[in-house]
Amino acid sequence: MQFLWFKNIDMGLEHFACIATETGIEEIKNPHFLKSQLSKIAYLSRLPSKKENKSKNRLKAKRNLSAEHVRVKNQRKDWQHKLSTHQT
């Protein structure tokens with residue numbers, strides 16, 4: 001009879017996940033993608049207020065801010081995908 005080993009995963013705030021396996025507990029740290037990009041996002045969020053309303057430059061500044069948020073979202077998504085495929 002073959003036994004299957006199951007992994008227990010605990011999602012948390014301090015660590016991204018704590019995984020209990022047959023060999024022990026593995027803690028995976030949260031990479032904090034937003035925290036590393038926060039100064040750039042803060043700078044980009046101030047730029048539209050310095051531009052004239054309904055101008056092309058204001059739209060460009062808003063687009064750059066949006067793109068930076070999308071970049072953080074994609075970093076998180078990519079990291080989670082790589083982590084999940086590595087764990088299986």
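What the table shows:
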quantity: Stretchable slack from K54 to E14, in nm (0.36 nm times residue separation minus alpha-carbon distance); calculated: 10.2 nm
quantity: Longest DSSP-loop-exposure-free segment, trypsin sites (Lys or Arg not before Pro), the chain, at most 13 other Cβ within 10 Å; calculated: 8-53
quantity: Helix 56-87 axis, angle to the chain major axis (alpha carbon atoms, nearest 10°); calculated: 10
quantity: In nm, spacing of pseudo-spin labels at K77 and E22 (7 Å Cα→C-beta vector); calculated: 3.6
quantity: Within the chain, longest stretch clear of exposed GluC sites (Glu not before Pro) (DSSP loop, no more than 14 other Cβ within 10 Å); calculated: 53-88
quantity: Total lysine pairs under 19 Å (Cα atoms) in the chain, excluding pairs fewer than 8 apart on one chain; calculated: 19
quantity: Label corresponding to semi-axes √(5λ) of the Cα gyration tensor in Å when calculated from the structure given, among (i) 39, 16, 12; (ii) 32, 15, 7; (iii) 42, 13, 7; calculated: (iii)
quantity: Overall form of the range 35-82 per C-alpha gyration tensor (a/c, 1.5; a/b vs b/c); calculated: oblate
quantity: Helix 33-46 axis, angle to the chain major axis (alpha carbon atoms, nearest 10°); calculated: 10
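Values in this text are rule-based calculations from the coordinates and carry no lab data. Just so we're clear, the structure is a prediction, and the values are computed from it rather than from any experiment. Note that we place each Cβ from the backbone using ideal geometry, even for glycine, and neighbour counts take in every protein chain shown.
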